[in-house]
1. Nearest 5 is fine: what % of DSSP beta bridges in segment 210-296 come out antiparallel, could you say?
2. Can you pull the Rg over Rh of segment 210-296, Cα-only, Kirkwood?
3. Report the local net charge at ALA164: Lys and Arg +1, Asp and Glu -1, summed over other residues whose C-beta lies under 13 Å from its C-beta.
4. When DSSP assigns beta bridges and you keep just the ones with both residues in the chain, what percent turn out antiparallel, to the nearest 5?
5. So if a site counts as exposed when it's one of the trypsin sites (Lys or Arg not before Pro), its DSSP state isn't H, G, I, E or B, and it has at most 14 other Cβ atoms within 10 Å, what's the longest stretch of the chain without one?
6. How large is Rg/Rh for segment 129-189, to two decimals, with Cα atoms and a Kirkwood Rh?
7. In whole Å, what three semi-axes, largest first, describe the equivalent ellipsoid of the chain built from its Cα gyration tensor (square root of 5 times each eigenvalue)?
8. So what is log10(I(q)/I(0)) for segment 217-256 at q = 0.21, 0.27, 0.29, 0.33 1/Å, when the Debye sum runs over its Cα atoms only?
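Where a number appears in this text, it was derived from the coordinates with a stated rule and is not lab data. Since we're looking at a predicted model, the values are computed, not measured. Positions of Cβ are backbone-derived with ideal geometry, glycine not excepted, and every protein chain shown enters the neighbour counts.
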Amino acid sequence: MRRTLAEVLGVDVGLLQSGMGGVAGAELACAVSNAGAAGCAGGYKLIGGALSAMLARLTAGTDRPVGVNLIPEVVGPEELDRQVAQVLDETPEHVHLSFFGMPADAVFERVGATGRPMVVQVGSVADGVHAAERGAVVVAQGVEAGGHLLGTAKRDDLVAALRAQLPDACLVASGGIGSPAEAGRALAAGADGVLLGTAFVVAHESRAHAYFKAAVTAADESDTVITDVYEIGWPGRRHRVLATAATADPGQAKKFIGRTVVEGKPYLVPRFSSAVPTDATTGRIEEMAMYCGRSCSAISDEISAADVVAAFARVLPGAAAVSDKKG
Ligand SMILES: Cc1cc2nc3c(=O)[nH]c(=O)nc-3n(C[C@H](O)[C@H](O)[C@H](O)COP(=O)(O)O)c2cc1C
């Protein structure tokens with residue numbers, strides 16, 4: 001029996017907000033969850049007191065289903081274990097775990113034993129099958145996506161191939177979805193819901209730098225490029241970003257071009273850093289990693305997270321659709 005996102009995550013709307021490190025803090029995640037979809041806070045490299053501070057705000061801000069996103073490849077297995085332990089220890093059961101890329105089987109077992117849902121974003125059929133067999137909601141990321149790219153397949157080709165292999169899995173489409181019409185195409189390919197990243201970068205509650213938000217609303221897909229130049233902090237992964245002087249000339253010196261603050265701690269930002277410019281970043285924002293999907297063609301206004309959810313709710317399955325069927 002195919003389970004809906006409403007049943008697995010407890011959401012009213014089959015929409016997941018990407019837990020974008022730096023951009024998606026507790027404020028954005030809670031706003032999305034309080035609007036009926038699944039918000040998600042970016043855990044990225046947060047650990048110890050910095051992660052606790054974010055988890056406390058997340059827990060205080062909503063009692064609806066909400067997630068914390070972690071990235072196994074960025075932190076490595078030991079630090080990931082510590083992050084997972086902190087999330088499980090410090091948050092109530094309505095907080096689920098979301099992973100970008102595949103965690104080890106021990107992580108699936110540990111989270112599975114708590115009964116909390118897991119969401120895993122993948123870029124290939126093999127990884128999708130692997131995650132689904134371990135009970136996770138599978139997010140199929142297409143190459144249209146903003147940010148870090150897990151594969152090379154087009155979104156709806158990957159969704160359709162996964163649906164053929166996994167008729168009962170809870171399957172979410174990600175990459176290039178900036179409008180309800182595009183979400184409808186992903187559902188037609190076989191998805192149960194959608195995950196949006198770039199559409200939430202420009203939300204009022206997002207912590208993206210104002211320059212970054214304005215650049216996304218002004219851009220169309222031809223302004224995005226796939227590059228591996230933003231490697232400091234996350235080597236060996238291709239990202240889709242807005243084209244910048246850094247993507248145009250990767251030979252430039254790796255000098256410091258800005259400063260930022262993460263959970264109260266100051267950092268210098270080198271040119272080619274994988275860190276996104278946030279509202280706490282100063283310096284040469286226009287050269288930094290502004291992750292952006294092909295979805296930007298359909299995104300032209302900075303609006304509230306609740307308005308993003310409401311716009312997409314019209315085409316997405318949710319609790320109402322489920323109870324209609326039951327009734
Ligand atoms: C600014 C930005 C930061 C991102 N950071 C993360 C992250 O920390 N964790 C993650 O799972 N995905 C991250 N992603 C990728 C998204 O999960 C997703 O694959 C992508 O946003 C989907 O394409 P779209 O941007 O066209 O909606 C990020 C995407 C963007 C745009």
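1. 95
2. Radius of gyration over Kirkwood radius for segment 210-296 works out to 0.94.
3. -2
4. The antiparallel fraction comes to roughly 35 percent.
5. Numbers: sites that count: ARG2, ARG3, LYS254, LYS255, ARG314.
By the stated rule (loop sites, at most 14 other Cβ atoms within 10 Å), 4-253.
6. Working: Rg = 11.1 Å, Rh = 11.7 Å.
We get a ratio of 0.95 for segment 129-189.
7. Gyration-tensor ellipsoid for the chain: 28, 22, 19 Å.
8. -0.70, -0.99, -1.07, -1.19
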